[in-house]
Amino acid sequence: KQWYQRRVAITAGGVKYPNEYKAGDRMKVGWTSNNHAGGWVRIALAPYSQRKSHKSFDDNVMKISCYGHDQRPGQTIYGDCKHPCNARPGCEYQAYEEDNARFDTTVKIPHNLADGDYVLQIKSAMSSHPHFYYSCARIKVSGGNPSMSCPQSKLIVVPKCLKGTAVELAEYTKTSKPAQFCYNNDGPGYIDADMYRVPKNVQCDPRITCAVSIDGKGCKSQDKMSDITNDWKPEQVCGEVKPAPAPTCSDGVKNQGEERIDCGGPCEACAVTMPPTTPSDRVYSNFEFKKIAYPSEGYINGNVIVDVRFKVKKWRMTLFFDRKIEITQHWGGKIASVNEFKTVYVFENKSWNGRVPAGGKVTVGFEGKFATGAIDSPVLMGKDFVEP
């Protein structure tokens, strides 16, 4: 079974020098949106000595949380959003179970762990991706009582999440078993009973960087993104972070059983209609990317076919990949720009193929090189097609 790795902003310490947590501490866990929305994240904890075993993580699942999506009207479309997708910044944290769409959560360090090193693992398949990605952080735990026995339910509680085009929930749960952890110092307890408490690593900023955004300029204008100075230790400088207040019907957060943000449930009824999440004026109806790639040789041949819904006079196409690609030749369009990491390419029409009738197609292809040594080939993480 292959392990597909991707970066997450757990900020729990490095592999060589793990940060220390006490039994009962709360810990913030976050992941980058990568311009995708919908699906779930599975979080598991296993001893460091068992870190290479899938079964060790499958048997010690702490929780399943929502992957996240941009809840602002019109910002999540067909399983995609523009990073950071309204993800939660550093110095803030998920304080209520219902507030689960901002690409992070918190977990509680169990009371029945023996002192030592552990690996916290996340497993997720964001929208449009057929296989799982994994990432992890090494932490050092102390202060527990391993003689405690806390049998938990055989069922894993799963929140209601936007699915988008993500892998089915059953794929997350079919091999997953709840960890037999003690979340109270005197018994089983519940992992999120004290979610309102400030996590030890609240400074963690899971958004990481604008280098992964298909809208770099817009990303940089988001709340405190420019304050992240180290992509490999993404965090904010916090003042005093106080525990979350009791939820209200005007706090701008979907909590306390509300149907939507600050309406429904214990609050006033929600409006009957909401702004559409899929704009009716979207230029294309289908965006297909096919590739032939050979990881051992570092070669990729990519081909994009876009079905156009409405007549356009000119067009712009954005392709965002999960790693650097050196495009050596291309056809069907001209390269208008490329970011410094060579992960985001923007193509524009040539003089002869800018006008496309409704129902027509736009085809762009390329050949390129990427670094060898990986077990897989570059993945298209985000895309866009507009009439500028």
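The values are calculated or read from the model by the stated rules, or taken from the named source; none is laboratory data. Keep in mind that this is a model prediction, so the values were computed, not measured. Virtual Cβ from ideal backbone geometry, glycine too; neighbours counted across all protein chains shown. Keep in mind that these areas ignore ligands, DNA and RNA; they rest on the heavy atoms of the full protein, side chains included. Shrake-Rupley method; radii C 1.70, N 1.55, O 1.52, S 1.80 Å.
Quick notes on this structure:
- Using distinct alpha-carbon pairs, which all enter the 1/r mean, Kirkwood radius of segment 163-240 in Å: 16.5 Å
- Overall Cα dimensions of segment 48-93 - principal axes, largest extent first, Å: 44, 29, 16
- Protection proxy ranking of 306-314, 22-30, 61-69, 378-386 - average other beta-carbon atoms within 10 Å, highest first: 61-69, 22-30, 378-386, 306-314
- Across the chain, Cα pairs under 8 Å and at least six residues apart give a relative contact order of 18 percent.
- Note on Cα extents along the principal axes in Å: of the candidates (1) 65, 63, 41; (2) 76, 50, 38; (3) 73, 55, 40, the value calculated from this structure sits at (3).
- Excluding ligands, DNA and RNA, the accessible surface per residue across the chain is 48 Å² with a 1.4 Å probe.
- Quotient of Cα Rg and 2.2 N^0.38 Å for segment 324-371, N being how many residues it contains: 1.29
- Judged by the mean number of other Cβ atoms found within 10 Å, the most tightly packed of the peptides 99-108, 199-208, 227-236 leads the ranking 99-108, 199-208, 227-236.
- Links that overshoot a 29 Å alpha carbon limit, given the list 174/361; 108/220; 52/154: 174/361; 108/220
- Whole-Å distance, taken between Cα centres, linking segment 207-256 and segment 14-76: 18 Å
- Here the calculated FRET efficiency for residue 355 and residue 97, from their Cβ-Cβ distance with R0 = 35 Å, stands at 0.10, rounded to the nearest 0.05.
- Per-residue ellipticity at 222 nm from helix content only, as computed over the chain with -39500 (n - 2.57) for each DSSP H run of at least four residues, stands at -500 deg cm²/dmol.
- Largest mean-square fluctuation among 288, 171, 240, in a Gaussian network model of the chain whose springs join Cα atoms under 10 Å apart, belongs to 240.
- Efficiency of FRET between residue 72 and residue 223 - r from beta-carbon atoms, R0 22 angstrom, step 0.05: 0.95
- Unpaired cysteine residues in the chain (no second Cys Cβ under 4.7 Å): 136, 204.
- Fully extended contour minus Cα-Cα distance, from residue 336 to residue 282, at 0.36 nm per residue: 17.3 nm
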